[in-house]
Amino acid sequence: MAQMNMKEAIRDAMRVELKRDPNVILFGEDVGKVGGVFRATEGLQGEFGETRVFDTPLAESAIGGLAVGLGTQGFRPIAEIQFVGFIYEALDQMFVQAARMRFRSGGRYHAPIVFRTPFGGGVKAAELHTDSLEGLAIQTPGIKVVIPSNPYDAKGLMISAIRDNDPVFFMEHLNLYHAFRDEVPEGEYTVPIGKAKVVREGKDITILTYGLMVHTSLKAAEELEKNGISAEVIDLRTLLPLDIDTIVASIQKTNRAIVVQEAQKTSGAAAEIIAQINEKAILHLEAPVLRCAGPDTVYPFAQIEDAWLPSIARIVKTANQVLQF
Amino acid sequence: MSKVSTEAPVAKIGAQSHEVRSENVTPLQVLSPEGEVVNPERMPKLSDDQLKEIMYRMVFTRTWDDRAVNLGRQGRLGFYAPVSGQEATMVGSEYALTKEDFICPGYRDMPQLVWHGLPLYQAFLYSRGHQHGGQIPEGVNVLMPQIIIGAQILHATGIAMGFKLKGEKRVAITYTGDGGSSEGDFYEGMNFAGSFNLPVVYFVQNNGYAITTPFAKQTAAQSIAHKALAAGIRGLQIDGMDVLAVISAVQEAAEIGRNGGGATLIEALTYRFRPHSMADDASKYRTKEEEQEWSLKDPLVRFGKFLEKKGLWTEEDTARVKEEAKNAVNEHIKKAEQTEKMTVAGLIDSMFETTPAHLEEQKADFQ
């Protein structure tokens, strides 16, 4: 076992798979020589050579299209989109061409691609570096959406994503890259896509969340504990497919829930999760499921981002609204 | 197209001090409109049987197009983009490839797919909106027709990179039109191919109109071929009504690609005799005079004259091939019509390798 932060764990996952499968290749802007703007791929070009790990010209649509083309020829591309806002330039290739390849060809071709991108607020980054665009992806048929919250899961989920024969949008929260270290096993292991994890057990209310907000929610749960409220926190880990069974099992126990997301409130992951709860567990609910989310504005400039993002206090407040319904 | 180039018509750039300037380009021609060989150096090495086969395919394709338009009117085909006028570019460019080479088509490029090995009934199924239309048989090296103008350009670039990485002597070819040459993906693809030195042929069928928008409004560039210069790849302009010029240019580009010489952009000047699609009315944006002028350049007429002079083709041959094509179309449209309908459940199961639980649940609503 080694101590790794989330960035190192993701890098280790890519290294393990590059080593195991000669069809795995990794490319994007600046990922080669220096290992990416966050050094998430540092050392991989040196270890595997320029034909396996390489820089591309600066064009996100072409990065996506290259991955789709290579995917039809037996390769398993890991395509890095340097920052989340740049996926807009690649949306056709990611959300149309890759996501529809299996359907359009009736299974003759598929797109075994991981689209990696850093995202997430709280690091005072430039505009369009931090948006939470997972909601766009979960509305897109044919692509899976994975958002890890810790080094162990990040490595296991990344290995699963690389081995998956369908495209995976793998979103890496910027504020988790260096946040803390975990025991991470060396070599290969997988964390299954589509399985949530109960990260804190409780009996009064369920907090459903993912990414950095898992940690903010855990802190909120500690606050709630001080007032005698026992909150269960579920790290969804995958938004599509969503592990609704784990969610329902928790709600059957707590009868109350909130969803916490950094993304804007309207539509998106939280709205979908609540819709599925209504379909599966309405009779177990003592109160409506509420959302703690960013307001429906563009992601703010750095100066007010801490105020904009869900905070411990706002999560506690939202939980109390549900508890006092 | 009166001036005839005897050299490979590669677009050139010339610098005058600090100002970059490009020179004009004249399209490559092998046959004159009268079917005379005007450029023997560029005459592809083809046997008499091969020459006849090319004519066979062009006549077949024209007849298939005629029939498809009627089938569309009868409601037996769905979306269909007519091809008449573009047989030289479509048949010729495919003929210049080997079966191992890979085709990434736009939506009008059904003939290339069929001549590369896609069964005709599957082309009809695609038009009828049936998923089996895109289920390319194993060993047929093509992607499904692309609807997003330009997306296929990037796929071909990626596929070409795959060939290069695997050390395979194969080339990818992708098709778009004059409209497609304005897409960002067109520039991105060529730039990547230049940067990575990839074996890919970007084939632009410049038929003068992007649906209704004329080429004059598409770009201020001297030609589409010139756009290769910015990407650092070869750029050619050819007479797209001359099937031998098409074969010559594509054979050369493919050979260069397979031998590590990188990518080529080919702009073929052509014309679609019919409207953009069955829902389009070309008389709203093209003149009768212009259509008349281009009909004189008919690729079938030109190549037919050449073959007749060589004693390789007669009107009876044309009649025979037409009959054969009609029968084939009848047989394949019937097969398409008799193919079992798609189901929503089948659609759901084609989204992922393993259908996730939420989709399994939704499937139950349709069974």
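Since every read-out is calculated from the coordinates, none of them should be taken as a lab result. Because the structure is a prediction, the values reported are computed rather than measured. Backbone-built Cβ (ideal geometry, glycine too); neighbour counts: all protein chains shown.
Some points to look at:
- Ordered by the count of other Cβ atoms within 10 Å of each Cβ, fewest first, B:Asp298, A:Asp21 give A:Asp21, B:Asp298.
- Overall size of the stretch B:1-125 from C-alpha positions, given as principal axis extents largest first: 60, 39, 31 Å.
- Rounded to whole numbers, the Karplus 3J(HN,Hα) couplings from phi for the stretch A:54-64 are 8, 7, 10, x, 7, 7, 5, 4, 5, 4, x Hz, using 6.51 cos²θ - 1.76 cosθ + 1.60 with θ = phi - 60°, and x at Gly and Pro.
- Amide H to amide H distances under 5 Å link A:Ala257 with A:Thr206, A:Leu290, where only residues 5 or more positions off or on other chains count and H is placed in the peptide plane.
- Translational D in µm²/s for the stretch A:212-325 (Stokes-Einstein at 20 °C, 1.002 mPa s, Kirkwood Rh from C-alpha pairs): 147 µm²/s
- Gaussian network model of chain A, springs between alpha carbon atoms under 10 Å - residue of A:Ser132, A:Ser149, A:Ser267 with greatest fluctuation: A:Ser267
- Summarising the strand pairing of the protein assembly as shown, around 20 percent of its internal DSSP beta bridges are antiparallel.
- A DSSP coil position with no more than 13 other Cβ atoms inside 10 Å describes the following trypsin sites (Lys or Arg not before Pro) in the stretch A:73-168: A:Lys124.
- Under the Karplus curve 6.51 cos²θ - 1.76 cosθ + 1.60, θ = phi - 60°, whole-Hz ³J(HN,Hα) for the stretch B:282-298, x wherever Gly or Pro sits: 5, 5, 6, 9, 10, 8, 4, 4, 5, 4, 4, 4, 6, 5, 5, 9, 2
- Sparse-neighbour loop sites [trypsin sites (Lys or Arg not before Pro); the stretch B:305-367; at most 15 other C-beta within 10 Å; DSSP]: B:Lys310, B:Lys341
- Relative contact order %, the stretch A:1-155, counting alpha carbon pairs below 8 Å whose residues are six or more apart: 24 percent
- Each part reduced to its alpha carbon centroid, the stretch B:281-351 and the stretch B:41-116 end up 7 Å apart.
- Normalised contact order of chain A, rounded percent, pairs of Cα under 8 Å and 6 or more residues apart: 17 percent
- Electrostatic dipole magnitude of the stretch B:1-157 [Cβ: Lys, Arg +1; Asp, Glu -1; Cα centre; debye, to 20]: 540 debye
- Counts of other chain beta carbons within 10 angstrom of each beta carbon in peptide B:177-188 average 2.
- Taking the Cα centre of the protein assembly as shown as origin and assigning +1 to Lys and Arg Cβ atoms and -1 to Asp and Glu Cβ atoms, the resulting dipole is close to 460 debye.
- Taking other C-beta atoms within 10 angstrom as a stand-in for reagent exposure, B:His332, A:His284 fall in the order A:His284, B:His332, fewest first.
- Per-residue shielding of B:348-355, expressed as the average number of other chain Cβ atoms within 10 Å of the residue Cβ, stands at 6.
- Neighbours of B:Thr354 by Cβ distance under 12 Å: Lys/Arg scored +1, Asp/Glu scored -1, total -3.
- Count Lys and Arg as plus one, Asp and Glu as minus one, and take only other residues whose Cβ is under 11 Å from that of A:His284; the net charge is then +2.
- Derived scalar couplings between HN and Hα for the stretch B:104-112 equal 10, x, x, 6, 7, 8, 4, x, 4 Hz in order, rounded to whole Hz, by the Karplus curve 6.51 cos²θ - 1.76 cosθ + 1.60 (θ = phi - 60°), x for Gly and Pro.
- Between the helical axis of A:268-281 and the longest alpha-carbon principal axis of chain A there is an angle of about 60 degrees.
- Cα-Cα over 21 Å, subset of A:Lys195/A:Lys280; A:Lys195/A:Lys317; B:Lys45/B:Lys297; B:Lys12/B:Lys217; B:Lys52/B:Lys99; B:Lys52/B:Lys335: A:Lys195/A:Lys317; B:Lys45/B:Lys297; B:Lys12/B:Lys217; B:Lys52/B:Lys335
- Between amide H atoms placed 1.01 Å from N, distances below 5 Å from B:Leu28 occur with B:Gln237, B:Ile238, B:Asp239, all of them 5 or more places distant or on a separate chain.
- For the stretch A:121-216, the relative contact order is 33 percent, taking Cα pairs closer than 8 Å that sit 6 or more residues apart in sequence and dividing their mean separation by the residue count.
- Counted charge near A:Arg181, where neighbours are those whose Cβ lies closer than 12 Å (Asp, Glu -1; Lys, Arg +1): -2
- Ratio Rg/Rh [Cα only; Rh per Kirkwood] for chain B: 0.98
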